[in-house]
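Here's the structure, in structure tokens; my notes come after.
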Amino acid sequence: MKILKRIGIILGAFLILALLFTVWYRATFSMEMAKEFEVNEAVDMQQRVLIATQGSEFKNAVVHGLVENLKDRPVYIKVIDISHLKAVHANEWAVIVIIHTWEYQKPPAPVKEFADQVQSNENIVMLATSGDGGFKLEGFDAISSASKQSEVNTEVKTLLAKIERILNH
């Protein structure tokens with residue numbers, strides 16, 4: 001009976017530590033909701049770029065860089081949080097840029113659901129971030145990054161080249 005009590009205490013302690021670790025991990029590494037906004041008027045713009053993202057220092061800097069480089073062109077830009085991807089119709093946009101993180105070695109559910117339901121991925125560009133920068137959704141024009149602030153300009157230039165290719169196609 002004494003040994004069962006010790007095993008119970010050890011198991012209980014382990015479960016409490018696992019729960020605390022999970023709470024800490026989520027609080028430290030979970031993404032914020034992205035600030036939604038629009039640039040330029042949609043009425044006269046045939047070229048429409050949707051940026052679906054999560055909120056983080058790195059992702060916000062990448063979005064800022066993209067918007068700064070596109071805002072003076074005849075392009076309508078809309079930025080949304082990835083949680084709103086389910087309402088997006090891919091054929092209504094010239095380009096869709098999705099910036100998301102990998103959590104537990106998979107993309108967030110809204111990104112995966114959107115990717116599974118699109119008919120054509122020719123106008124979709126993804127930037128997937130992860131600890132080592134080694135993950136991305138197969139079958140999409142995607143790049144992977146480790147979310148280093150020193151890489152923001154490089155990622156912006158890479159994404160802009162992909163956006164330009166699609167807009168000028």
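The values are calculated or read from the model by the stated rules, or taken from the named source; none is laboratory data. What you see is a predicted model, and the numbers here were worked out from it, not measured in a lab. Quick reminder, even Gly has a Cβ in these numbers, built from the backbone with ideal geometry, and neighbours come from all protein chains shown. Heads up: the accessible areas ignore ligands, DNA and RNA and are worked out on the full protein's heavy atoms, side chains in. Shrake-Rupley method; radii C 1.70, N 1.55, O 1.52, S 1.80 Å.
Could we say that N121 is of a type in the set (S, T, N, Q) and in a helix (DSSP H, G or I) here?
no
What single numbered condition from (1) of a type outside the set (K, R); (2) outside any strand (DSSP E or B); (3) within 20 Å of E41 (Cβ to Cβ) fails to hold for I80?
It is condition (2) that I80 fails.
I'm trying to understand the selection: among the residues of region 26-54, which are modelled with pLDDT under 90, open to solvent by less than 100 Å² (accessible area, probe 1.4 Å), more than 12 Å from K78 (Cβ to Cβ) and assigned to a loop (DSSP other than H, G, I, E, B)?
S30, M31
For region 92-107, which positions are open to solvent by 20 Å² or more (accessible area, probe 1.4 Å) and either at pLDDT 90 or above or in a loop (DSSP other than H, G, I, E, B) (or both)?
E92, W93, A94, W102, Y104, Q105 - these are the residues of region 92-107 that are open to solvent by 20 Å² or more (accessible area, probe 1.4 Å) and either at pLDDT 90 or above or in a loop (DSSP other than H, G, I, E, B) (or both).
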